[in-house]
1. Would you mention how many residues in segment 4-18 are over 16 Å from residue 38 (Cα atoms) and crowded, with 17+ Cβ neighbours inside 10 Å?
2. Consider segment 29-49. How many of its residues are within 17 Å of residue 120 (Cβ to Cβ) and either loosely packed, with under 12 Cβ neighbours inside 10 Å or more than 21 Å from the chain's Cα centre (by Cα) (or both)?
3. May I ask you to list the residues in segment 1-60 that are under 17 Å from residue 111 (Cβ atoms), out of contact with any strand residue (DSSP E or B) (no Cβ under 8 Å at 6 or more places or on another chain) and assigned to a loop (DSSP other than H, G, I, E, B)?
4. Does residue 111 qualify as being at pLDDT below 90 and either in a strand (DSSP E or B) or within 29 Å of residue 147 (Cβ to Cβ) (or both)?
5. Go through segment 65-94 and report how many residues are part of a helix (DSSP H, G or I) and either over 23 Å from residue 157 (Cβ atoms) or not assigned by TED's automatic domain parsing to the domain that holds residue 110 (or both).
């Protein structure tokens, strides 16, 4: 399948470099340099993944992510400034799935895009295991691994693709402790130096969406020095 990437960027060198590498790896690319161009490209519903340069000045990136998440669960990868952790964390909090830190090797961006697309589309947005049950249940949580929809007490909860992948990994093995590295790898197949903090943001966001009291979680428990597990107090 030929995937289409919506590249949101206004810097000429960034656009040319990423488009060159994306095209040479078989992707078609639409470029949005401003809000009007983004609305046109996004409205065509051709994109399989959205790649956003957080350094662009012609768009409010945070509002853009919020709007995307209101309408779509498409994977979002951010290119973020190494010196500004707060921006990157806010982008993840708003619904982005992963970040590539600038300065970057364009081949790293390609690898991140390929890994995200593989897990989102070819493995069913979270790597459904052949032969496994299509529905995972832990307490009041029910995750349909075919449609990749999470419900709690019958109500659909809105999670990003990265959050759903993490939750699916945990729900397949209740009470088992997973390290941050293992959970990061279920999102993009690899682990990077900055991924510990990214995973903490994802876990915090998941708790905010599934827990009645995120400060005293019933489901996702932290195992100090090891990682996380999903459990139920039932």
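1. So the answer is 2.
2. Looking only at that region, the number is 1.
3. 25, 26
4. Numbers: at pLDDT below 90: no; either in a strand (DSSP E or B) or within 29 Å of residue 147 (Cβ to Cβ) (or both): yes.
For residue 111, the condition - at pLDDT below 90 and either in a strand (DSSP E or B) or within 29 Å of residue 147 (Cβ to Cβ) (or both) - is not met.
5. So the count comes out to 4.
The values are calculated or read from the model by the stated rules, or taken from the named source; none is laboratory data. Since the model is a prediction, treat every value here as computed from it, not as a measurement. Quick reminder, even Gly has a Cβ in these numbers, built from the backbone with ideal geometry, and neighbours come from all protein chains shown.
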